[in-house]
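A.B. asks: Please read through the structure below; I'll follow up with questions.
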Amino acid sequence: MTHAHMKRSSSVDLDEGGEQPPHELNTECLLLDAKKIKCSHLTKKDQKNIRRATRLGMKYAIHGDHLVISPKIRLRKVNQFATTKEIRQLIIFLLTKHGKLPSFAEQISFQDVAPVTKLVVLIAPMMDPHTLQLPQETFHISDAQYFASSPFLPYMNIHENDAVATVTVNPTHTNKMVMSTLSQLVEVPLTKSNRKKQEEKKDDQWLMPEQLVHSLDELMSDNYPIHSSLVESELGPGWVETAPSLGQPKKVMALDCEMCKTVNGYAVTRVALIDRDRNVLINEHVKPSEEITDYVSHISGVTEESLKNITTTLSDIQQKILHHVNGDTLLLGHGLVNDMQVLKIRHPHILDTSILFHHSSGPPYKPSLRDLAFRFLNKRIQNHDAAGHDPCEDAGTCLDLLELKLRHGSHYGHTTLSDVETIFQFMRTRDKSVSVIECHASLSSLMKDELKKEKHYHSVESDQEVVTTVIQEHPHQSLVIANFSLQDIPEEQKKQARFTDLFKDVYDQLEPQTIVCVTTGYNANEERERLRKKKSDYKRMLKQVGLDEIAVEDRWTNKEERLLAEYIESTRRGLLFITTK
């Protein structure tokens, strides 16, 4: 496909026949070619603007004596990737003038150019730069010939001076998973002023720790041993449970354990218990009765030497804990279920920071205490250079996190709730309406729950339903974001052909002057996911059994680390096309 063809597709020749653009014209708004139209009834300024619009590949219409030039967003040939954050920034700026245009885009503006009032974003898993073998250092595509075989491109009306497409990149989670384009577009970070407003709305009174105690359902969901005051049950061999409440004010205590591996599974080797004032109530080693197979010293800091003269048994440490902890105690810890299991203790009032705070990727992932300390306390714990964990430090860190939670509210530390708002919420405060339609899109459970609260969020089962819903929603909304799945279409050319059919159905029904953005890319790769899973499994096994117990073929190597980094960089790319109806 040549640039000349692309230019002809952007206007209509009224005096000659020949090839027509791949869409029907709106009868109320004929698009005219400045070289053919008789402009005697237009002012010289109008005629000058028409010539300027034509040079820039812009569409226009004449209603009686009134000239209207359609808005145009030009993709600039810049030497940097466009992030999905910048695409969201572009969308917001075009509709609200909030923020600024990203460097890869230019909005053509002069007299008689209409403002952007309608914008449609279509997300399609096709034309993946990695699959198309686009060189890694490519930031934009200038030659339409690169997509000569694509049935989709003629609809983009590319002008010869514009970039055909901009290469985009999606961010990654801390666990190396590539975030989806849709998730990035619908999540808008709160501005500093909005964060301040949220803070001002909060009650001046802190939460009480009792308000954060986990429900029975939460405890059962996380496999906690359940106290008989919650569900009547018998104690197993070697198990104990805390005494009932004495009616005293509730007090918080933080518990942390270190463990080893024995012939019968994990056993406790060290226990720390501290109160809310940071007084250390217990800090003792415990001698397991079973044969130890691995001290897991790289994590626990406990060695054969450190347990050599220890006589404290599991039963002894249970009684020491029960001396301090009863029904008036709120027991705090991180992943406390593991500690309660090895201690064989049941307690009804639990505060678990792995539940109170979310992983940066959201549930069902659980955050590590080390990550929470860094993110929320700007503090580094569990230093690998040190001799294992310090249970007193870990317990104290849990107390520090709890204080933050009590001060800032129950949603503090919840991913997508405390630091972002949805695109619906953002646009609503600026008098703009939004519709989001998706088919099998990748979204966090928290964001999906937020979107479900919106009347114009639609989760559908087929791409044809996406098309139907876009057509229904477009006349009533300022912004429509639609995510296609193109499921069960393995071949790239067939994906493009299918999307072209879907795109044509949408495009034909769009109102004139609508800006249309199409983002592509798979955001998925089998080899990348295989490597990512192997690394995750290796890290988990390293914590559980130590390096010596991991088979050579299951170990993570520097070569694989480099390979994973390369795959992430190359497979998180996509393409961005922009046109005007």
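A.B. asks: On a 0 to 90° scale, report how tilted helix 526-545 is relative to the longest principal axis of the chain, with both axes built from alpha carbons and the result rounded to the nearest 10.
C.D. replies: With rounding to tens, the tilt is 10 degrees.
A.B. asks: For residue 430, put the label point 7 Å out on the Cα→Cβ axis and report which residues of the stretch 490-510 keep their amide N under 20 Å from it.
C.D. replies: Counting only backbone N, you get no residues.
A.B. asks: Right, here's the next one. Over all alpha-carbon pairs of the stretch 194-322, lay out the pair-distance distribution in 5 Å bins, whole %, shortest bin first.
C.D. replies: 2, 8, 13, 17, 17, 15, 11, 7, 5, 3, 2, 0
A.B. asks: List the aspartates and glutamates whose Cα sits under 13 Å from the Cα of residue 379, skipping any in the same chain fewer than 8 residues away.
C.D. replies: Excluding near neighbours in sequence, the set is 371, 393, 394, 400.
A.B. asks: How much accessible area per residue does the stretch 463-581 have, counting only protein heavy atoms and a probe of 1.4 Å, in square angstrom?
C.D. replies: So the stretch 463-581 comes to 48 Å² accessible per residue, rounded to a whole number.
A.B. asks: Sticking with this one: What does the extension gain come out to for residue 216 and residue 262, with contour length at 0.36 nm per residue minus their alpha carbon separation?
C.D. replies: Taking 0.36 nm per residue and subtracting the Cα distance, the gain is 13.5 nm.
A.B. asks: Using +1 at the C-beta of Lys and Arg and -1 at the C-beta of Asp and Glu, which of 180, 302, 347 has the Cα lying farthest in the positive direction of the dipole of the chain?
C.D. replies: Farthest along the dipole direction, towards plus: 180.
A.B. asks: So, one more: Output the Cα-based Rg and Dmax of the chain in Å, rounding Rg to one decimal and Dmax to a whole number.
C.D. replies: Rg then Dmax for the chain, in Å: 30.6, 105.
A.B. asks: Please list, in order, the residues from the stretch 301-338 whose amide nitrogen is less than 17 Å from a point placed 7 Å along the Cα→Cβ vector of residue 245.
C.D. replies: Those under the cut-off are 325-332.
A.B. asks: Still on this structure, I have one more. Exactly which GluC sites (Glu not before Pro) in the stretch 247-303 are in a DSSP loop and have at most 15 other Cβ atoms within 10 Å?
C.D. replies: Sparse-neighbourhood loop GluC sites (Glu not before Pro): 290, 291.
A.B. asks: Something else about it: Whenever you get a sec, compute what percent of the accessible area on the chain sits on carbon and sulfur atoms (1.4 Å probe).
C.D. replies: Of all accessible area on the chain, carbon and sulfur atoms account for 49 percent.
A.B. asks: How much length, in nm to one decimal, is gained on full extension between residue 231 and residue 100, taken as 0.36 nm per residue of separation minus their Cα-Cα distance?
C.D. replies: My answer for the length gained is 41.4 nm.
A.B. asks: If you project the alpha carbons of the stretch 316-395 onto their three principal axes, what span does each projection cover, largest first, in Å?
C.D. replies: Largest first, the stretch 316-395 extends 35, 31, 20 Å along its Cα principal axes.
A.B. asks: May I ask you to derive the FRET efficiency for residue 488 and residue 110 from their Cβ-Cβ distance with R0 = 45 Å, giving the value to the nearest 0.05?
C.D. replies: Calculated value: 0.45.
A.B. asks: On to the next question. Return one number: the angle in degrees, 0 to 90 and rounded to the nearest 10, between the long axis of the Cα atoms of helix 558-571 and the longest principal axis of the Cα atoms of the chain.
C.D. replies: 30 degrees
A.B. asks: List the aspartates and glutamates whose alpha-carbon lies under 13 Å from that of residue 250, not counting same-chain residues fewer than 8 positions away?
C.D. replies: 210, 275, 328
A.B. asks: With the cut-off at 20 Å, report for the stretch 292-441 the share of all Cα pairs above it, as a whole percent.
C.D. replies: 63 percent
A.B. asks: Provide the per residue accessible area, probe 1.4 Å, for the stretch 87-190, rounded to a whole number of square angstrom.
C.D. replies: 34 Å²
A.B. asks: Using Cα pairs closer than 8 Å and at least 6 residues apart in sequence, work out the relative contact order for the chain, in percent.
C.D. replies: 20 percent
A.B. asks: Estimate the FRET efficiency between residue 190 and residue 311 by the formula 1/(1 + (r/R0)^6), using the beta-carbon distance for r and 56 Å for R0, to the nearest 0.05.
C.D. replies: For R0 = 56 Å, the calculated efficiency reads 0.50.
A.B. asks: Average projected area of the Cα convex hull of the stretch 467-581, in nm²?
C.D. replies: 10.4 nm²
A.B. asks: Could you do me a favour and compute the accessible area per residue for the stretch 306-417, 1.4 Å probe, result in Å²?
C.D. replies: Per residue, the stretch 306-417 has an accessible area of 40 Å².
A.B. asks: For residue 344, what charge total do you get from the other residues with a beta carbon under 15 Å from its beta carbon, if Lys and Arg give +1 and Asp and Glu give -1?
C.D. replies: -3
A.B. asks: Okay, next question. Just the Cα atoms of the stretch 133-175, one point each, no solvent: what log10 I(q)/I(0) does Debye give at q = 0.23, 0.28 Å⁻¹?
C.D. replies: Those come out to -0.87, -1.12, one per q.
A.B. asks: Which of 97/581; 452/504; 45/504 have a Cα-Cα distance over 31 Å?
C.D. replies: Distance filter (> 31 Å) returns 45/504.
A.B. asks: Nearest 10 degrees, 0 to 90: what angle lies between the long axis of helix 492-507 and the longest principal axis of the chain (Cα atoms)?
C.D. replies: 70 degrees
A.B. asks: What span do the alpha-carbon atoms of the stretch 40-144 cover on each of the three principal axes, reported in whole Å from largest to smallest?
C.D. replies: 53, 31, 23
A.B. asks: Considering only DSSP beta bridges with both partners in the chain, what is the antiparallel share in %, to the nearest 5?
C.D. replies: Of the beta bridges lying entirely in the chain, close to 55 percent run antiparallel.
A.B. asks: Then there's this: What is the gain in length, in nm to one decimal, between residue 223 and residue 139 on full extension, counting 0.36 nm per residue of separation less the C-alpha to C-alpha distance?
C.D. replies: Gain on stretching residue 223 to residue 139: 25.3 nm.
A.B. asks: Could you compute the net charge surrounding residue 49? Neighbours are other residues with a C-beta less than 12 Å from the C-beta of residue 49; K and R count +1, D and E count -1.
C.D. replies: +4
A.B. asks: Right, here's the next one. Rounded to the nearest 20 Debye, what is the dipole magnitude of the chain about its Cα centre when Lys and Arg each give +1 and Asp and Glu each give -1 at the C-beta?
C.D. replies: That gives the chain a dipole magnitude of about 2580 debye.
The values are calculated or read from the model by the stated rules, or taken from the named source; none is laboratory data. Just so we're clear, the structure is a prediction, and the values are computed from it rather than from any experiment. Neighbour counts are summed over all protein chains in view; Cβ atoms, including those assigned to glycine, are modelled from backbone coordinates with ideal geometry. Note: areas computed on protein heavy atoms with side chains; ligands, DNA, RNA excluded. Shrake-Rupley method; radii C 1.70, N 1.55, O 1.52, S 1.80 Å.
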